[in-house]
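S.K.: Have a look at this one.
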Amino acid sequence: MIESFPKETCSFFDLSDRAKFFVRGSDRLRFLNGQITNDLRKATETEGIEACILNAKGKIDAHLFIYAAQDAYVLDTDADLRETIPARLDRYIIADDVQVEDISHEFDLFHLLDSARPDHLPNEYNMVRALRFSRPGWDVWVKRTGADHARRHFPEQWTLCDATSAESLRIRSGIPCWGRELTNEIIPIEANLEERCVDYSKGCYIGQEVISRIKMSGQTNKRLCGLVSLDGFALSPAMRLATATEDHRDVGWMTSADYDPHLQKHIGLGFVKRGFNAPGTHLRALPVADPTPAGIRIEIVPLPFA
C-alpha cells in the first residue's frame with residue numbers, strides 16, 4: 001500500500017499513451033547501438049538515456065527514451081510512432097538475434113518531476129531517472145493492472161500536471177516534441193538535441209555521417225529558437241517567420257505557441273534559417289494564408305525562456 005503524504009510542490013505527469021517496446025535478444029546491445037544517436041552503454045536499470053533514430057540523410061525517424069532491463073532494453077516514444085518504429089527497426093535486423101515487442105498496453109508510464117528518488121512506492125514499480133523536462137525527474141513504470149491504484153494515490157504526494165500544463169511547461173523549457181518541432185525533415189542538431197541525444201565517440205550508426213559533418217562545420221541550415229511577441233498579440237503554430245524589412249523575406253516557421261504567465265508575454269518555438277537566428281533579432285510572424293500584412297513583431301530569445 002502507498003501511504004498518504006502531505007502534498008508537495010513537485011508534479012507528476014501521466015505519459016501512459018506513449019508507445020512502449022521491449023528490444024530483446026543476445027544481439028540487442030550491438031544492434032540497437034547501431035540505430036541510435038546516443039551511446040546505449042550509458043543506459044542502466046536506474047538511468048535512462050534520450051536518443052534519436054535517423055534515416056541515412058540524418059533526419060529524425062523517431063525520438064525516444066531508453067533504459068536497460070534485466071533481459072531487454074525498454075523504449076518509449078510518441079504514440080504516433082507505435083506502428084512505424086517496429087517496422088523501422090525490423091528493416092535492419094538481418095541475421096541478428098533481436099526481437100522487438102510492443103508492450104504499450106502492458107505498462108503505464110508516469111513521470112515525477114523531483115530530483116529525489118521517490119520513496120514508499122511499491123517494489124513492483126520500476127523507477128528510472130530521466131530528464132524529460134530539462135530538469136531532474138523519475139520515470140515510474142507500472143504494470144497496467146496496478147495503474148489505477150497509482151493514479152489514485154500519486155495525487156496524495158504530488159500535483160498532477162495535466163496535458164495542457166505539460167504542453168506549456170514543454171514550450172517554456174524549449175523542448176521539441178514529435179509532430180511539432182520533430183519531424184522526418186529535421187536533423188537533431190537543428191532542434192537543439194545535440195547535448196542530450198548525440199554521442200560523438202560511440203561508433204557508427206545510421207545517419208552518423210551527416211551529424212559528423214555538421215559537427216565539423218559548426219553550422220546548421222536552421223535552428224530551433226525561442227520567440228517572444230513584442231506587441232502583446234498571440235502567436236500561432238500556423239505562422240511563417242519573415243524578416244522585419246518591407247520585403248518580408250521568408251526565414252522560417254513557427255511550430256508551437258503559448259502564453260507565459262511568468263513573462264506575461266505570448267511566446268513560441270520555431271525554426272529560423274542561419275543568418276537570421278541570433279538572439280535579439282527582430283522578425284515578423286505572418287499568417288500563412290496572407291503574405292501581405294505587417295504581421296506581429298517578434299524577437300528571438302535564448303532557450304529555455306527566462
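S.K.: Would you work out which of Asn277, Leu160, Gly232 lies farthest towards the positive end of the dipole of the chain, given +1 charges on the beta-carbon of Lys and Arg and -1 on that of Asp and Glu, about the Cα centre?
M.R.: Among Asn277, Leu160, Gly232, the one farthest towards the positive end of the dipole of the chain is Asn277.
S.K.: Mind checking Rg over Rh on the chain, alpha carbons, Kirkwood formula for Rh?
M.R.: Ratio of gyration radius to Kirkwood radius: 1.00.
S.K.: Same structure again: Percent antiparallel among DSSP beta bridges with both residues in the chain, to the nearest 5?
M.R.: 95
S.K.: Within 14 Å, Cβ to Cβ, of Ala278, how many net charges do the neighbouring residues add up to if Lys/Arg are +1 and Asp/Glu are -1?
M.R.: Neighbourhood net charge equals +3.
S.K.: From the convex hull of the Cα coordinates of region 43-97, what is the mean projected area in square nanometres?
M.R.: Working: hull surface 17.9 nm².
Over every viewing direction, the Cα hull of region 43-97 projects on average to 4.5 nm².
S.K.: Sticking with this one: What is the dipole size for the chain, taken about its Cα centre, with +1 at each Lys and Arg Cβ and -1 at each Asp and Glu Cβ, in debye to the nearest 20?
M.R.: 920
S.K.: Related question: How much accessible surface does Tyr67 have with a 1.4 Å probe, in Å² rounded to 10?
M.R.: 20
S.K.: Let me ask another. Heavy-atom accessible area of His105 with all protein chains present, probe 1.4 Å, nearest 10 Å²?
M.R.: 120
S.K.: Would you compute, from DSSP H runs of 4+ residues alone, the mean residue ellipticity of the chain at 222 nm, taking -39500 (n - 2.57) per run and dividing by the full residue count, rounded to the nearest 500?
M.R.: Value at 222 nm, helices only, nearest 500: -4000 deg cm²/dmol.
S.K.: What does the charge count around Ala306 come to, taking other residues whose C-beta lies under 12 Å from its C-beta (Lys +1, Arg +1, Asp -1, Glu -1)?
M.R.: Taking every other residue near Ala306 into account, the sum is +1.
S.K.: Specify the inter-centroid distance of region 39-109 and region 130-193, based on alpha-carbon positions, in whole Å.
M.R.: Going from one Cα centre to the other spans 17 Å.
S.K.: Something else about it: In debye to the nearest 20, how big a dipole does region 1-156 give about its Cα centre with +1 on each Lys and Arg Cβ and -1 on each Asp and Glu Cβ?
M.R.: 440
S.K.: While we're on this one: Below 25 Å, Cα to Cα, which lysines can Lys273 reach? Residues fewer than 8 away in the same chain don't count.
M.R.: Lys57, Lys59, Lys215, Lys222, Lys265
S.K.: Please list, or write none, the lysines whose alpha carbon is within less than 22 Å of the alpha carbon of Lys143, excluding same-chain residues fewer than 8 places away.
M.R.: The reachable lysines, counting only those whose Cα sits under 22 Å from Lys143, are Lys20.
S.K.: Average projected area of the Cα convex hull of region 150-249, in nm²?
M.R.: 11.0
S.K.: Within 14 Å, Cβ to Cβ, of Ser229, how many net charges do the neighbouring residues add up to if Lys/Arg are +1 and Asp/Glu are -1?
M.R.: -1
S.K.: Give the aspartates and glutamates whose C-alpha is closer than 15 Å to that of Lys42, dropping any in the same chain fewer than 8 places away, or say none.
M.R.: Once the sequence-local aspartates and glutamates are set aside, what remains near Lys42 is Glu50, Glu195, Asp199.
The values are calculated or read from the model by the stated rules, or taken from the named source; none is laboratory data. Quick caveat, the model's predicted, so the values are computed rather than measured. When we count neighbours, we look across all protein chains shown, and the Cβ atoms used for this are built from the backbone with ideal geometry, even at glycine. Ligands, DNA and RNA are stripped out before the accessible areas are found, and what is left, the full protein with its side chains, is counted by its heavy atoms. Shrake-Rupley method; radii C 1.70, N 1.55, O 1.52, S 1.80 Å.
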